[in-house]
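Here is the structure we will look at.
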Amino acid sequence: MLPVTSRRRGVLALTVVLLLLTWRSVAGQGTIFTIISPAGRRSLAATAVHGHEMFALNDLAAAFQLNVQADTLGAITISYKGKTIILTPDQNLASVNGRIVSLATAPTRSNQQWFVPVELVNQALAPIYGERLELRADSHLILEGNVTAPRAPEPAPTPAAPAAPVQPAPARPAPSQPAAPATPPPSLGTPQPTISTIVIDPGHGGSDKGVQGPHGTLEKDITMAVARRLKCAIEGRLGIRVLLSRDGAETLSADARAALANNTKADLFISLHATASFRTDTSGAEIFSLGLDRDAAQASATASSSAQQLPVTGGGSRQVEIVPWQFAQTRFVDQSKTLADLIEQQFKGHVPLDGRAITQAPLRVLVGANMPAVLVEMGYLSNADQENELGTGNFQNAIVQALYGAIVQFRDTLNTRAKATAQGGGAR
Amino acid sequence: MKRNSLFATVAVIIAALALAWFLFVVLLRQSTPATRGASPASSESPAAASDDTGTTPGRTIKIHLLSVAADGLHLDSVERDVPYAGNTVDQATAIIKAELALQAPLVTAIPKGTQLKALYVTDKGDAYVDLSPEVSQNHPGGTTAELLTVYSIVDALTMNLPAITGVQILVDGQEVDTLAGHVDLRRPLQKDVDYVRTAGASKP
Ligand SMILES: [Zn+2]
């Protein structure tokens with residue numbers, strides 16, 4: 001047994017060491033990130049807190065000259081050159097210059113210090129930082145400003161579900177699926193319907209009139225008329241719940257439209273529009289799905305989603321997946337393109353298409369949709385003939401019929417894939 | 001007893017080493033802000049465009065501007081001479097002014113009355129093109145027309161100036177969601193030559 005006094009002396013000295021090092025553990029539980037900037041390199045230590053890699057907020061603040069203030073209600077305000085991030089302890093949502101962003105994990109307090117997830121650099125700090133800031137978790141690098149660093153062989157971002165074949169061969173499993181087992185699997189009961197809710201978004205509305213045709217037809221009215229017809233057709237014939245993002249005259253933001261689809265756990269989002277050209281004779285429909293450029297694809301690859309247990313009305317709780325809003329659609333880019341292809345096929349021969357027919361583009365309303373989503377430009381209101389056509393019941397019904405057909409085909413594609421997955425041993 | 005003092009001594013030595021290392025890191029950090037400060041300053045307050053300065057009188061360069069193709073879905077590239085400028089910001093300014101000034105018989109995707117208010121280029125190669133409110137107010141709307149307006153600006157800069165890799169359009173000095181409700185303008189967009197049909201365009 002050690003004498004108590006000398007043991008106390010040893011403990012005291014060790015405490016000094018621990019205080020100096022804080023969590024900067026030499027025992028190796030932490031990792032060191034290297035910040036590379038045009039001015040040189042510096043280090044920033046991370047440590048595992050509750051199994052997640054985190055930075056001590058004070059270290060992060062020192063490394064990037066951030067101002068950190070905790071208010072009496074417990075919120076932490078991080079500011080940099082007049083822009084702010086507001087964190088709430090044990091909440092994985094942050095307000096980044098007024099926008100709500102979901103964090104990889106909640107800020108947490110440990111050893112009298114606040115810790116924030118390392119991903120905060122990309123999710124919250126980069127948007128307010130003014131110059132480029134990029135954290136590469138796998139190579140433990142933070143790139144600041146105009147620097148380049150060779151990309152370490154990172155694990156590929158979670159691949160989106162393989163694009164379904166446009167015309168699935170009925171008797172065979174999808175090409176990417178393993179071969180079906182020799183004996184049929186036990187019955188899984190009634191299969192879950194793959195599409196149970198669809199949100200139809202009549203473009204524009206309220207004070208936002210959209211395109212105005214030469215005879216005065218308004219895009220917001222055409223989109224509403226077609227949306228109502230489409231809702232009737234789908235609900236009446238398929239028994240799928242259809243919600244319209246607006247009822248009538250309200251002015252909605254793009255995010256409010258996607259939010260309705262996300263909050264109702266819709267399986268499809270279809271935004272209806274009528275378009276315009278700088279040339280009065282351009283005509284035809286065009287179908288859009290989200291396209292990502294190199295920057296957007298990279299940003300979404302570094303964003304991660306997380307599952308959270310949230311209370312629900314009426315008691316109890318349920319598992320809710322939190323996905324960074326600005327990247328919600330990136331996981332569905334392939335499926336959305338498949339849906340767009342199916343709509344194009346259904347339009348052929350029934351609804352004239354313009355010279356491009358199908359395009360992937362950075363469209364605002366699609367970005368936040370957490371499900372397959374397309375935007376359909378039904379025709380050119382800037383073309384007087386098409387303006388007349390778009391106002392007729394016949395033409396609107398042709399559009400509805402074609403969209404209806406595409407939805408049925410898309411549902412069948414999903415069902416085929418789900419069946420193939422189940423037969424392949426229930427992978428995923 | 002001896003073992004305990006040894007234990008304490010080792011701990012104190014580690015403490016001293018840690019203190020030295022800590023001071024080293026602190027000093028290093030304090031010495032960096034001065035040099036680091038220069039970099040955000042140069043990227044956040046770059047030279048703003050001025051009206052006629054920055055170009056060399058008499059000397060011109062050939063550039064490709066963009067007008068709306070006959071199909072109304074694509075952009076045609078149009079060759080023009082603009083004054084040569086010695087730096088990216090002034091050259092970009094000259095290009096955008098020339099793009100906004102394209103006239104009939106060409107059809108352009110720039111709404112009537114649109115003026116260039118300012119233009120900035122960051123160290124990263126992102127250009128911020130601040131346009132007057134007419135670009136939004138006088139826009140005919142529709143995804144197709146909006147894409148052509150946006151890529152007239154984005155591609156005019158990225159096709160002609162390799163130093164510019166991204167372009168964000170601002171309206172009246174403000175970041176905007178879209179011009180007419182469709183194309184996401186909240187971040188710099190990269191060159192997309194799928195909208196451009198004629199020579200002068202090549203995939204990056
Ligand atoms: Zn529209």
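The values are calculated or read from the model by the stated rules, or taken from the named source; none is laboratory data. Since the structure is predicted, the reported quantities are computational estimates derived from the model, not experimental observations. Glycine also receives a Cβ, built like all others from the backbone with ideal geometry; neighbour counts cover every protein chain displayed.
Applying the criterion of being over 18 Å from the mean Cα position of the chain (by Cα) and charged (D, E, K, R) to the residues of segment B:89-138, the residue that is surrounded by the most Cβ atoms within 10 Å (Cβ to Cβ) is B:Glu134. Selection of first residues in segment A:393-413 that are free of Cβ contacts under 8 Å to residues at least 60 places away in the same chain and of second residues that are acidic (Asp, Glu), restricted to Cβ pairs under 9 Å at least 6 apart or on distinct chains, gives the following pairs, ordered by first then second residue: A:Phe395/A:Glu389. Considering only residues of segment A:300-352 that are modelled with pLDDT under 65 and assigned to a loop (DSSP other than H, G, I, E, B), which is nearest to A:Val408 (Cα to Cα)? Checking each candidate, the answer is A:Val323. Among the conditions (1) at the interface with chain B (Cβ under 10 Å from one of its Cβ atoms); (2) under 17 Å from A:Asp267 (Cα atoms), A:Arg356 misses just one, which is (2). Scanning segment A:265-280 for residues that are closer than 21 Å to B:Leu75 by Cα and in a loop (DSSP other than H, G, I, E, B) gives A:Ala276, A:Ser277, A:Phe278, A:Arg279, A:Thr280. Restricting attention to segment A:43-54, the residues being surrounded by fewer than 19 Cβ atoms within 10 Å (Cβ to Cβ) and within 14 Å of another protein chain (Cβ to nearest Cβ) number 2.
Residues in segment B:130-144 that are without any contact (Cβ under 8 Å) to a residue 60 or more places away in the chain and facing another protein chain (nearest Cβ under 10 Å) were compared, and the one that is farthest from B:Gln190 (Cα to Cα) is B:Pro140.
Let's see how each residue does on (1) out of contact with any Asp or Glu (no Cβ under 9 Å at 6 or more places or on another chain); (2) within 14 Å of chain B (Cβ to nearest Cβ); (3) more than 17 Å from A:Thr359 (Cβ to Cβ):
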| site | (1), (2), (3) |
| --- | --- |
| A:Gly210 | no, yes, yes |
| A:Thr217 | no, yes, yes |
| A:Arg228 | yes, no, yes |
| A:Arg241 | no, no, yes |
| A:Leu244 | no, no, yes |
| A:Arg257 | no, yes, yes |
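With respect to the conditions (1) away from chain B (no Cβ under 14 Å); (2) over 15 Å from A:Glu377 (Cβ atoms); (3) outside any strand (DSSP E or B), A:Val199 lacks only one, and its number is (3). Of all residues in segment A:203-235, those that are more than 11 Å from the ligand (Cβ to nearest atom), part of a helix (DSSP H, G or I) and either small (Gly, Ala, Ser) or in contact (Cβ under 8 Å) with a residue 60 or more places away in the chain (or both) total 7. Only one entry in B:Ala127, B:Ala118, B:Ala94 is among the hydrophobic types (A, V, I, L, M, F, W, C), away from chain A (no Cβ under 13 Å), touching a residue at least 12 places away in the same chain (Cβ under 8 Å) and in a helix (DSSP H, G or I), namely B:Ala94.
Any residue in segment A:369-378 that is under 25 Å from the mean Cα position of the chain (by Cα), charged (D, E, K, R), crowded, with 20+ Cβ neighbours inside 10 Å and modelled with pLDDT of 90 or more? Yes, segment A:369-378 has at least one match.
Of all the criteria given as (1) touching an Asp or Glu at 6+ places or on another chain (Cβ under 7 Å); (2) of a type in the set (Gly, Ala, Ser); (3) within 16 Å of the ligand (Cβ to nearest atom), the one not satisfied by B:Gly113 is (3).
Answer with yes or no whether A:Asn388 is more than 16 Å from the ligand (Cβ to nearest atom), in a helix (DSSP H, G or I) and touching a residue at least 24 places away in the same chain (Cβ under 8 Å). It is true that A:Asn388 is more than 16 Å from the ligand (Cβ to nearest atom), in a helix (DSSP H, G or I) and touching a residue at least 24 places away in the same chain (Cβ under 8 Å).
Which of the numbered conditions does A:Leu57 fail, given that it passes all the others? Conditions: (1) aliphatic (A, V, I, L, M); (2) at pLDDT below 80; (3) in the same structural domain as A:Gln112 (by TED's automatic domain parsing); (4) crowded, with 17+ Cβ neighbours inside 10 Å. In the conditions (1) aliphatic (A, V, I, L, M); (2) at pLDDT below 80; (3) in the same structural domain as A:Gln112 (by TED's automatic domain parsing); (4) crowded, with 17+ Cβ neighbours inside 10 Å, A:Leu57 misses (2) alone. Look at segment A:250-266: where a residue is under 14 Å from A:Asp208 (Cβ atoms) and a partner is modelled with pLDDT of 90 or more and surrounded by fewer than 19 Cβ atoms within 10 Å (Cβ to Cβ), sitting 6+ places away or on another chain with Cβ atoms under 6 Å, you get A:Glu250/A:Gly206; A:Thr251/A:Gly206; A:Thr251/A:Ser207; A:Thr251/A:Asp208.
Could we say that B:Ala180 is more than 16 Å from the ligand (Cβ to nearest atom) and in a loop (DSSP other than H, G, I, E, B) here? Taking the combined requirement at face value, the residue does not satisfy it.
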